[in-house]
Amino acid sequence: MDDLLSSLNPAQQEAVKHYEGPALVVAGAGSGKTRTVVHRIAYLLRERRVYPGEILAVTFTNKAAGEMKERLAKMVGGPSKDLWVSTFHSASLRILRVYGEYVGLKSGFVVYDDDDQSALIKEILKELELEAKPGPFRAMLDRIKNQGRSLSEYLGEAPDFIGGVPKELAGDIYRRYQSGMRSQGAVDFNDLLLLSIQLFEEQPAVLAKIRQRARFIHVDEYQDTNPVQYKLTKLLAGENPNLLVVGDPDQSIYGFRNADINNILDFTKDYPGAKVFRLEENYRSTDAILKVANAVIEKNALRLEKVLRTVKTGGEAVRLYRAPNAREEAAFVAREVVKLAQYPETAVLYRTNAQSRLLEEHLRRAGVPVRLVGAVGFFERREIKDLLAYGRVAVNPLDGINLRRIVNTPPRGIGANTVAKLVEHAQKSGSSVLQALRQAESVISRPQQVQAFVEMLDSLIETAFESGPAQFFEQVMDAIGFREALKQELDGEERLQNIEELLRAARDWEEEEGGSLSDFLDSVALTAKAEEPQKGEALPEESVTLMTLHNAKGLEFPTVFLVGLEENLLPHRNSLNRLEDLEEERRLFYVGITRAQERLYVSYAEERETYGKREYSRPSRFLDDIPEDLLKEIGAFGDTSVPVLAYTRPEPKAKTVLSDFKGGERVKHPRFGQGTVVAALGGEVTVMFPGLGLKKLAVKFAGLEKMD
């Protein structure tokens, strides 16, 4: 027992020794939560003599489950083979393989992955003679199933059109999808959870057997559970739950995946009498970094109180760089990375994938090998290749490959069969594909859509020789309605940002290099080729890591650059209308800060292009959360000895200031009593009142009184 607990701090030991009943472990960033879970399972086996087959540990990824299994195998040896350690989906699949017949599943059913789902939806769209992309309907499936809602509930709140078709027709697509899966003996990943819940609710005897197999349940990253995972956990736990959940509401950043932070915030309400353990000792970051992290996150109202304390004392001050524009910000990062010369120990984090282009470009120019995590190279992204394909066809109409790529992109009613007939005609007649399109009237029965496409393409070919690349791509965007088409997709906002980044790249190229559309496409081809690892180049593990803040969760690096700390980027423009969304953006910033072990740089640009226009950027409001003495401003070359402008907190424009609240003030309301201002925007404030929750108030009429 002494050997089991000796490597743990007092708070971890208390959590590990918890035996029966519900428990919540609030585990701050870098506080050793996985170690705590592993030791707790070992404690149950060694000290409480729990049978290995009665222990279930659930996490979110196969990688995390695999790592937990490895650590348990080293710690407890043979008994680890009988432990049930898996993801939610793997656990559900295991249950349905045994009891699936009770919910109508046939023996040997298959599980459809993302590609299988898209293929089935494409078949349905073809049956209905709809020229639409599967993406919006995949998004519809995920929203319905991850929230555990019925189709009628979803359609009741949905917009009139989904994926470009009336929502009633989208509902028919959903029903055909479900029927198609069942007829083919298949389920998708979301169905694994939903069918397990159905099984438990309809077959109490089966649920009783599973509960015997899962007497002691552990759920990792509980703050990331969605409504369906929450319900499944509650059913498994039963009336006398031996349920231990581990998580940190301050790191809940997956609301867009339907994660519900209230699952962890309300745990003690759901399970009265639950023990709460707080892991507040951080083994990852220096004191200087943690002070910044604590200053940021304490401004959130939707959280469980805790303050991270470092095991590492001291540390370098957090450096702040204020760049004149986004290009200078990227150049600064590249210079500092070269100076530090610790590539595998360095990560550059940003809010959106579109920000990666300038960073990639400047790092590669500086000879720094780059590893892009969670995304393909910028010029390999589908929407970028689509737009570039229009340019390649415009400068070379004989390019049949790219012509076939764009002929129905975005969908314009030119189906695959039509294209196949026209390509076959071109091959037989020895002409180009474009020439076959011009002769569509003599090849296919309904040539109108093809003729309209050729007419538009002729106009673009003319534009290609009369304008630069930026103007050409703008005209393509307008001619094909690309922005509107992308908005309909599951990740449309991100794809739109990538398109805007391509337009920005074209304008920058015109200013720096100049030349025709053809010259620009040559430059892109060479840049895209450079994104591919060449023989003799550094291996990925010897590279600087570039990734979004969402992808960085769970990782750590000695040095972190956190870039783009500007209003409309972090917090993102889509989050500004709801307090819950704004607080998730602050948590995202907090996650970024706590990835750093030894050294942290934060930066913002005073000017950045937005939708084709160069605009002044305001520093992120989250920088205002950090006391000035915790930030050390540096110059463009990382030097503090040269004069630099002192960091000043920008004053909001007068026309938007209707109150002098900034957030954090203690106030008294004549009806609600005392509370704390957690957000202020224009003439409205959001106040957290103990026992009442959040109230949004108009300052002009609220009668708020500031308290000392």
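Of all residues in the stretch 250-259, exactly one satisfies the criterion of being open to solvent by 50 Å² or more (accessible area, probe 1.4 Å) and free of Cβ contacts under 8 Å to residues at least 40 places away in the same chain, namely 256. On the stretch given as the stretch 221-239, residues that are among the acidic types (Asp, Glu) and free of Cβ contacts under 8 Å to residues at least 40 places away in the same chain total 1. The combined condition, being modelled with pLDDT under 95, in contact with a strand residue (DSSP E or B) (Cβ under 6 Å, 6 or more places away or on another chain) and not in a helix (DSSP H, G or I), is fulfilled by residue 315. Annotation: of all residues in the stretch 230-264 being modelled with pLDDT of 90 or more and of a type in the set (D, E, K, R), the one that is nearest to residue 205 (Cα to Cα) is 234.
Checking 220, 191 one by one, the residue that is more than 30 Å from residue 15 (Cα to Cα), crowded, with 22+ Cβ neighbours inside 10 Å, among the acidic types (Asp, Glu) and within 26 Å of the chain's Cα centre (by Cα) is 191 and no other. Among the residues making up the stretch 297-312, a single one is assigned to a strand (DSSP E or B) and modelled with pLDDT under 85: 312.
Listed by position, the strands (runs of 3 or more DSSP E) inside the stretch 20-135 whose residues that are open to solvent by less than 30 Å² (accessible area, probe 1.4 Å) and among the β-branched types (Val, Ile, Thr) number at least 3 are 55-59. Scanning the stretch 260-273 for residues that are touching a strand residue (DSSP E or B) at 6+ places or on another chain (Cβ under 9 Å) and either among the hydroxyl-bearing types (Ser, Thr, Tyr) or surrounded by fewer than 18 Cβ atoms within 10 Å (Cβ to Cβ) (or both) gives 268, 271.
Considering only residues in the stretch 288-314 that are more than 13 Å from residue 28 (Cβ to Cβ) and either of a type in the set (S, T, N, Q) or open to solvent by 50 Å² or more (accessible area, probe 1.4 Å) (or both), the one that is farthest from the chain's Cα centre (by Cα) turns out to be 313. When the stretch 611-629 is examined, which residues are found to be surrounded by fewer than 16 Cβ atoms within 10 Å (Cβ to Cβ) and not acidic (Asp, Glu)? Scanning the stretch 611-629 gives 611, 612, 613, 614, 616, 618, 627. A single member of 400, 391 is within 16 Å of residue 453 (Cα to Cα), open to solvent by less than 30 Å² (accessible area, probe 1.4 Å) and modelled with pLDDT under 85, and it is 400. Of 475, 471, 497, 488, all but one fail to be at pLDDT below 80, more than 30 Å from residue 64 (Cα to Cα), among the polar types (S, T, N, Q) and open to solvent by 20 Å² or more (accessible area, probe 1.4 Å); the exception is 488. Applying the condition of being open to solvent by 60 Å² or more (accessible area, probe 1.4 Å) and under 34 Å from the mean Cα position of the chain (by Cα) to the stretch 196-212 and asking which residue is farthest from residue 98 (Cα to Cα) yields 201. Selection over the stretch 304-348 of residues that are charged (D, E, K, R) and closer than 19 Å to residue 559 by Cα gives a count of 9. Residues considered: 232, 244. Of these, the only one that is open to solvent by less than 20 Å² (accessible area, probe 1.4 Å), of a type outside the set (Lys, Arg) and under 25 Å from residue 150 (Cα atoms) is 232.
The values are calculated or read from the model by the stated rules, or taken from the named source; none is laboratory data. Note that the coordinates shown come from a computational prediction; the quantities given were computed from them, not determined experimentally. Every residue, glycine as well, gets a Cβ built from its backbone with ideal geometry; the counts of neighbours run over all protein chains shown. Note: accessible area is taken over every heavy atom of the protein model, side chains too, but ligands, DNA and RNA are not part of it. Shrake-Rupley method; radii C 1.70, N 1.55, O 1.52, S 1.80 Å.
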